[in-house]
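Participant: The structure's right below; bear with me while I get my questions together.
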Amino acid sequence: MHGTGVASWIAHAGVMARRSVRGVVRQPQLWAPSLVFPLFFCAVSAAAFGRTTNLPGFPEVDSFLTFLVPATIMQGVMFGATSAGTEQAIDMENGFNDRLLAAPVARVPLLLGRLGGIMVLSVVQTLLFTAVLVIAGASFAGGVAGLVAMVAVSALMGAAVGAFSMAIALKTGSVEAVNGFFPIFFALVFLSSAFFPPELSGGWFESVASVNPVTWMIDGTRDLVVQGWSLQAAFRAVGVAASLLVLFLSLALRALRSSLRS
Amino acid sequence: MTVTIDTSGRGDAAFGFWSSARIVMWRGWVKTQRMPSIVVQSLFFPTFFLIVYSGLYDAVTDLPGFPTDDVTNWFLPFMLFQGAAFGGLGAGFGTAVDIDSGFFDRLLLMPGNRSAIMVGSVGYALLRSLFVAVVVAGVGVALGASPTDWAGVPLLALAVVAISIMGSLYSLALIYRVKDQRVAPLFPIGIFVLLFVSSAQVPLSVTTGWLNAAGRINPVTNLLRLGRQAFLDTGVTWEDTWGGLVAIVVCTALLGWWAERGLRHYNP
């Protein structure tokens, strides 16, 4: 495992990714809420707001459940991905991180490996949610290409949120601080087009949602789910998620460098 | 130093039921003041959801069967309930911390009736809930909510107090049994499900499928009917009142009995 080449980077990142996946899978309190709550909220909203699809101006869609598919998946992925920061902070609090840093390994793969683990979990979560929602009656017009694009968006978005939460963890070393930043993503999801068409909401909500990057991403994935495969929609959704990943990953790398100096 | 032990069973006057309850309540309130983050957490969700829902679901009131055309009027009582219920859970969370630190065992050594500890915890959580309710109501008014029938306002206040007490009793009943702080974060799940599987978001006549069936047998639906009358075009009616009153009496009695039994059989 020694060395500084690309091969050793990949090997170290792989070990960290496996550890991250195992760590999350073994702690149901980390993954259960991000599985149960989005599905519960989707079930309740579909039954409560099902009749709103008949309102004038509501986008063409066969059911409110189908309308909610991208929102439910992104909500689950974004909430679940904060476990990367939680795990990092726990490792810093219990001293395991210091032992990792004492080992002859490059530092960046430690961070990338954890994000790799979150990407794997995001992919699994997306496939599981899609299956559950289709069985519950949602339609998916995008076919295999649409599903692949949605999985890519989820993986990138999971890594982006994971990178942000790791930046907080590396900066503060506190689980409480990581959890304290959770409402930011909560707010971003609810202040977007995730749960209702903003053009029907109107007023301040429409203005806020129109400049929220989560809206751009959700709208892209929703086009894939409702209207079918479209290269433009796929690029829009993947592009937003990839841009957020670049932004948050640079924050995490800066926080890592700063934590290594101190 | 001479130590006098009271073996009469009645306890010292200073340790009467209500004075003990008041001390427990006051201690909880002082702890809350020293950790404002606890109240901030209770405030965040109802305030955030009220602001978001009043913008997000503005068009929902255009659906046939909606008893108001003002979405803030519709959602304000629900958010007051949410704040009161989660504020009420503070009784269980506070007790969980005390159990973990060993302070609760020392409280049990207090002369007098054990139930005073439970009543004090409920009282402290009620203070916290009322503080949250006042702030959420202020935000609602700022967003444009306005009572259509002032006779309904005391009924809404009664429902908010009742929801807070029920939330407290529910969390205390659980923590007296599980005695483990790590389980406490699971307490809100039951409240969350009960609140949302009701007429919280839209009237029952607008809901479809399983939610319609589940909402009909959920007592929270009756409590919402009672509390919402102040803000709906229909005003206060006995038809929308009696079910909520029955729900308050029955649920409070059952949860109180459950919590009291848990405390009576509590063994450290």
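Participant: Looking only at the stretch B:208-247, how many residues end up being within 14 Å of B:Pro67 (Cα to Cα) and without any contact (Cβ under 8 Å) to a residue 24 or more places away in the chain?
Facilitator: Of the residues in that region, 2 qualify.
Participant: A further question follows. Out of everything in the stretch A:194-214 that is surrounded by fewer than 22 Cβ atoms within 10 Å (Cβ to Cβ) and closer than 22 Å to A:Gly162 by Cα, what residue ends up being nearest to the other protein chains (Cβ to nearest Cβ)?
Facilitator: If we take residues in the stretch A:194-214 being surrounded by fewer than 22 Cβ atoms within 10 Å (Cβ to Cβ) and closer than 22 Å to A:Gly162 by Cα, then A:Asn212 is nearest to the other protein chains (Cβ to nearest Cβ).
Participant: From A:Met157, A:Met119, which residue is closer than 16 Å to A:Gly220 by Cβ and either in a helix (DSSP H, G or I) or in contact (Cβ under 8 Å) with a residue 12 or more places away in the chain (or both)?
Facilitator: A:Met157
Participant: Here is a follow-up. So, B:Pro147, is that one touching a residue at least 60 places away in the same chain (Cβ under 8 Å), surrounded by fewer than 24 Cβ atoms within 10 Å (Cβ to Cβ) and within 14 Å of chain A (Cβ to nearest Cβ) or not?
Facilitator: no
The rows are residues; the columns are (1) under 19 Å from A:Leu30 (Cα atoms); (2) aromatic (Phe, Trp, Tyr); (3) more than 20 Å from the chain's Cα centre (by Cα).
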{"site": "A:Ala71", "(1), (2), (3)": "no, no, no"}
{"site": "A:Gly80", "(1), (2), (3)": "yes, no, no"}
{"site": "A:Ala103", "(1), (2), (3)": "no, no, yes"}
{"site": "A:Arg107", "(1), (2), (3)": "no, no, yes"}
{"site": "A:Val120", "(1), (2), (3)": "yes, no, no"}
{"site": "A:Thr130", "(1), (2), (3)": "no, no, no"}
{"site": "A:Leu133", "(1), (2), (3)": "no, no, no"}
{"site": "A:Ala136", "(1), (2), (3)": "no, no, yes"}
{"site": "A:Val153", "(1), (2), (3)": "no, no, no"}
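Participant: If A:Pro33 satisfies every condition in (1) within 14 Å of chain B (Cβ to nearest Cβ); (2) crowded, with 21+ Cβ neighbours inside 10 Å; (3) not hydrophobic (A, V, I, L, M, F, W, C) but one, which is the exception?
Facilitator: Every condition holds for A:Pro33 apart from (2).
Participant: Specify the residue that is modelled with the lowest pLDDT; the eligible residues are those in the stretch B:1-50 that are open to solvent by less than 90 Å² (accessible area, probe 1.4 Å) and part of a loop (DSSP other than H, G, I, E, B).
Facilitator: Looking at residues that are open to solvent by less than 90 Å² (accessible area, probe 1.4 Å) and part of a loop (DSSP other than H, G, I, E, B), I get B:Gly9.
Participant: Another question, then. Going by what's in this entry, would A:Phe40 be described as assigned to a helix (DSSP H, G or I), of a type outside the set (Val, Ile, Thr) and within 14 Å of chain B (Cβ to nearest Cβ)?
Facilitator: Here the answer is yes, as A:Phe40 does meet what is asked.
Participant: Away from chain B (no Cβ under 14 Å), touching a residue at least 12 places away in the same chain (Cβ under 8 Å) and surrounded by fewer than 16 Cβ atoms within 10 Å (Cβ to Cβ): which single residue out of A:Val24, A:Val6, A:Val15, A:Val61 fits that description?
Facilitator: Exactly one of A:Val24, A:Val6, A:Val15, A:Val61 is away from chain B (no Cβ under 14 Å), touching a residue at least 12 places away in the same chain (Cβ under 8 Å) and surrounded by fewer than 16 Cβ atoms within 10 Å (Cβ to Cβ), namely A:Val15.
The values are calculated or read from the model by the stated rules, or taken from the named source; none is laboratory data. This structure is a prediction, so every number in the text was calculated from the model and none was measured. We place every Cβ from the backbone using ideal geometry, glycine too, and count neighbours over all the protein chains shown. Remember, those area values only see protein heavy atoms, side chains included, never the ligands or the DNA or RNA. Shrake-Rupley method; radii C 1.70, N 1.55, O 1.52, S 1.80 Å.
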